[in-house]
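Undergrad: Dropping a structure here in structure tokens format, bear with me for questions.
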């Protein structure tokens, strides 16, 4: 819905209606309050919240200089309600933001082609990878760049999903961003293009050793993984390296579908919500990879990647090599709303099969090995090959 520009007269029913639906105020309506002075009368609880909104309305009506959109005010209240929880993973999405988010999950989209990660504590958003042949790579974005602004708005601490949504848009449109590199701010203008990046890549590295890279766990990743897995087996694969470095996570059910092909029968992961209710995901006895396996991880391996790594480690069916993982051990659920908007809410902790809660801790690899940029190659991958050759 296109918002109307307002100069004054906030719209007496707007804020009241918003408060009634979002905060579930008690019945009794939302009669407009008029102020002889811009002061607030006595109120308590939810009535106090309503009164304060009306107080702010009075200030805006009397003093605010510029035009504004009623729709932006409304969305700001919804977003503020969720932001007030202090959880960077809990957010409100407008209908357009929700549609854009779902596009990324289910297929190709128009954007810049950069993979981003966000620090749990600082909220800083960092470039993990600018994919080759994309606007991000062509503009010179590099691994380690800090995303500072999108269209003039600072993004530190903002929900990463919403930042990604801002970076997307119609094909051939431009987006202006600021990045920080070595203390210097760089301004870039990128032209959005259709982005189709496979989430799985693979090859037979040497006789009997297959190598599968999973960049994220999205809707089609399990199908892509199975195609790669079967092709490698047809080429004589007996041992396997799975690379989850810089994989920021994705869909839990897709992750469990892949693990079902690799693990023996048993528990993969379980979650517990605020009521202590537990939900479990299991692998069956039909499929099991009985060859030697190595999983590569690093500080950007998060969420679903940690479910994967944690299950492999707990079952002892593979060796983890790399550095301590990110430490995101909480699960979010999306709740679509009737008007096409949605909320994403943190709903539970997840636990590895042995009961480890890795939130803000991460998973320690069996072989801790820092990536050596001076080595002239991939020393972590080479260590995996050495292990499997023995």
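The values are calculated or read from the model by the stated rules, or taken from the named source; none is laboratory data. Since we're looking at a predicted model, the values are computed, not measured. Cβ placement follows ideal geometry from the backbone for every residue including glycine, while neighbour counts extend to all protein chains displayed.
Undergrad: Would you call residue 155 closer than 21 Å to residue 171 by Cα, surrounded by 14 or more Cβ atoms within 10 Å (Cβ to Cβ) and modelled with pLDDT of 90 or more?
TA: So residue 155 does not fit the description; no.
Undergrad: I've got another one for you. Select from segment 54-109 the residues that are outside any helix (DSSP H, G or I) and within 14 Å of residue 335 (Cα to Cα) and write down the one among them that is modelled with the lowest pLDDT.
TA: 89
Undergrad: Also, I was wondering about something else. Quick check on residue 150: is it modelled with pLDDT under 95, within 30 Å of residue 86 (Cβ to Cβ), surrounded by 19 or more Cβ atoms within 10 Å (Cβ to Cβ) and not assigned by TED's automatic domain parsing to the domain that holds residue 295?
TA: The answer is no for residue 150.
Undergrad: I've got another one for you. For segment 227-256, how many residues meet the condition of being assigned to a helix (DSSP H, G or I) and touching a strand residue (DSSP E or B) at 6+ places or on another chain (Cβ under 9 Å)?
TA: Number satisfying all stated conditions: 11.
Undergrad: Among the strands (runs of 3 or more DSSP E) contained in segment 161-217, which hold 3 or more residues that are buried (at least 17 other Cβ atoms within 10 Å of the Cβ) and over 21 Å from the mean Cα position of the chain (by Cα)?
TA: 209-214
Undergrad: If you check residue 274 against the conditions, is it touching a strand residue (DSSP E or B) at 6+ places or on another chain (Cβ under 9 Å), crowded, with 16+ Cβ neighbours inside 10 Å and either within 30 Å of residue 127 (Cα to Cα) or assigned by TED's automatic domain parsing to the domain that holds residue 352 (or both)?
TA: no
Undergrad: Identify, from the list 99, 67, the residue that is exposed (fewer than 15 other Cβ atoms within 10 Å of the Cβ), closer than 18 Å to residue 343 by Cα and either touching a helix residue (DSSP H, G or I) at 6+ places or on another chain (Cβ under 7 Å) or not assigned by TED's automatic domain parsing to the domain that holds residue 303 (or both).
TA: The match here is 99.
Undergrad: A follow-up question, please. With the requirement that a residue be touching a residue at least 40 places away in the same chain (Cβ under 8 Å) and in a helix (DSSP H, G or I), what does segment 110-137 give you?
TA: Scanning segment 110-137 gives 135, 136.
Undergrad: While we're looking at this one, here's another question. Within segment 327-338, is there a residue that is under 25 Å from residue 92 (Cβ atoms), out of contact with any strand residue (DSSP E or B) (no Cβ under 9 Å at 6 or more places or on another chain) and free of Cβ contacts under 8 Å to residues at least 60 places away in the same chain?
TA: Yes, some residue in segment 327-338 is under 25 Å from residue 92 (Cβ atoms), out of contact with any strand residue (DSSP E or B) (no Cβ under 9 Å at 6 or more places or on another chain) and free of Cβ contacts under 8 Å to residues at least 60 places away in the same chain.
Undergrad: Scan segment 47-95 for residues that are closer than 30 Å to residue 303 by Cβ and in contact (Cβ under 8 Å) with a residue 40 or more places away in the chain and report the count.
TA: 13
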